[in-house]
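Here the structure comes first, spelled out in structure tokens, and everything after it is commentary.
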Amino acid sequence: MTAVAENRPRSRTILVVTALCLAAFGYGVFVLFTPDRFPMNFARGPVARPAPDLIVGPYPVEAELLRLKRMGVVEVLSLLDAASPVEGELVVRERNLVERLGMRFVNIPVPVGALLAGDGGWEARTAGHIRANPVSLRYLHCYLGRHRVKRVLDALNLPENPAG
């Protein structure tokens, strides 16, 4: 009987550790689909205005889209990859919110792997869209608002962090 009694605390510890691991994994998945939550909110890039008609930043959640609408944004240009399991869900959610708010939604999908592969065609396509379709104010973003956005700003010869 002592062997059974000694195993209870150990099995309880295993159960608690397993539950904590599952909860952490679940929260990690949740955070991928809500990038404005802790800890992803610390990795998000800043919102900046490198040109009078362009604002850049991270994936906008609903409150941020409302703020952008009030600022006069008429087009949201997303670089998220609609074929990605995580980013695809965000594209669908964002498209619905943007259209509901009366703004235009444009998606030029850029796979995260394109950054590593050095495929530069998407930067030129995105810069071409921006130049060929002038609007009063556009919001350009990727998931964190850092890497893909920076490459487009480079293609447009715009500063990443404008003064002022």
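Laboratory data are not the source of any read-out in this text; all were calculated from the coordinates shown. Since this is a predicted model, take the numbers as computed values, not measurements. As a convention, Cβ positions derive from the backbone with ideal geometry for all residues, glycine included, and neighbour counts pool all protein chains shown.
Measuring from the lowest to the highest alpha carbon on each principal axis, how far does the stretch 44-155 reach, largest first, in angstroms?
Each principal axis gives a Cα extent; for the stretch 44-155 these are 38, 30, 24 Å.
Which one of HIS147, VAL73, VAL112 is farthest out on the positive end of the charge dipole of the stretch 44-155, using unit charges on Cβ (Lys, Arg +1; Asp, Glu -1) and the Cα centre as origin?
Farthest along the dipole direction, towards plus: VAL73.
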